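The values are calculated or read from the model by the stated rules, or taken from the named source; none is laboratory data. Source: prediction; values computed, not measured. Here the Cβ positions follow ideal geometry from the backbone for every residue, glycine too, while neighbour counts run over all protein chains shown. The accessibility values were calculated without ligands, DNA or RNA, using every heavy atom of the protein model including side chains. Shrake-Rupley method; radii C 1.70, N 1.55, O 1.52, S 1.80 Å.
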Amino acid sequence: MHLFEARFLELFVEAEAKHKGCVGQMLVLQGNGVASVTSLLEIEESRRQEFGVWAKLRCVGRVRLKEAEATDFGFIRAQVDLVTDEASEPVGKATVSECLEAHSACRELEEKLEKLRTRRGKDEGGAATAGGLTVGERVEWGHERTTTPGFETSLASLRDTRREMLCFRGLDAAPATSLDERVQSLWGATDEDEAEVQLLSFSAAACLGARDRVMALSETDTLERLQSATASFRETQRRLAAEVALAGSLPDIAEPDSGDDF
């Protein structure tokens with residue numbers, strides 16, 4: 001991200017000097033409220049620019065806001081608690097497979113719908129997809145951008161990309177080979193398998209709308225988060241199937257001959 005306001009220079013100086021390179025992401029809700037549970041970000045790299053600071057950030061956990069106050073430099077300093085998933089029913093392979101299959105079905109239907117629209121030579125709008133950000137893409141602070149991956153890539157690929165980012169240990173160290181104890185402690189996971197299921201649940205939730213993503217952040221049951229994402233995918237699947245059926249049944253508009261009157 002390119003954060004071009006002066007207050008962010010001070011924010012990053014304090015974060016790297018006093019908080020082991022971590023900052024919180026304040027999520028502003030409709031009505032100007034803020035989400036009580038939000039993302040804990042780790043600064044991978046930052047550089048001063050002519051205006052502001054460029055920074056590469058990644059989300060490593062969740063925190064709950066307790067108290068917040070404005071600083072003299074214009075950024076917010078808050079007291080927070082770490083938020084982790086609590087013990088829940090084990091997530092079986094069938095539940096994981098159902099989520100992956102539901103997302104895949106939405107992706108296939110969305111691609112089919114786009115092909116039908118392209119064939120008709122027009123875009124009717126209203127598709128379920130939203131343009132996502134690619135890894136490493138630069139974002140200007142304050143610019144409107146949707147970051148919902150939707151169904152542009154498979155859920156497995158989305159999960160694998162996030163795992164790779166979480167396993168990064170800096171330019172001078174080899175990446176971790178799995179979601180190790182460092183990640184597990186931040187997530188409250190008891191082992192690597194539990195961390196993997198949590199990662200899938202959050203990757204799935206990332207494909208949902210803004211309201212559902214906020215709810216997923218607050219949810220502390222891995223199984224419920226995964227099931228909620230699957231239910232949302234199934235609902236989207238039914239809607240897309242209806243749109244595909246409608247688009248496929250519409251007659252093609254034939255071009256008139258040059259001598260015809262109409």
*Subtract the Cα-Cα distance of Arg182 and Thr84 from 0.36 nm times their separation in residues, and report this length gain in nm to one decimal.*
33.9 nm
*Among Met26, Phe8, Ser36, pick out the residue whose Cα is farthest towards the positive end of the charge dipole of region 3-65, where Lys and Arg carry +1 and Asp and Glu carry -1 on C-beta, about the Cα centre.*
Ser36
_Students sometimes get this wrong: rank His2, His103, His19 by accessible area, probe 1.4 Å, all chains present, largest first._
His19, His2, His103
*asked:* If I take R0 = 35 Å and measure r between the Cβ atoms of Ile76 and Asp160 in this structure, what FRET efficiency does the formula 1/(1 + (r/R0)^6) give, to the nearest 0.05?
replied: 0.55
*Taking R0 as 45 Å, what's the FRET efficiency between Cys22 and Ala245 from their Cβ-Cβ distance, rounded to 0.05?*
0.40
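Subtracting the Cα-Cα distance from 0.36 nm times the residue separation, let me have the gained length for Glu111 to Lys93 in nm, one decimal. Working shown, then result.
Numbers: separation 18, 0.36 × 18 = 6.48 nm, distance 2.70 nm.
Contour length minus Cα-Cα distance gives 3.8 nm.
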*Which is farthest toward the positive dipole end of region 27-112 among Ala102, Ala55, Ala68, measuring Cα position about the Cα centre, with Cβ charges +1 (Lys, Arg) and -1 (Asp, Glu)?*
Ala55
*Surface/4 of the Cα convex hull for region 1-74, nm²*: 5.4
*Points 7 angstrom from Cα along the Cβ direction at Arg47 and Ser104: gap in nanometres?*
4.1
_To the nearest 20 Debye, how big is the dipole of region 143-209 about its Cα centre, given +1 on the beta carbon of each Lys and Arg and -1 on that of each Asp and Glu?_
280
_Label-reachable residues, region 80-106, where backbone N falls under 20 Å from a point 7 Å from Thr190's Cα toward its Cβ_ = 83-96
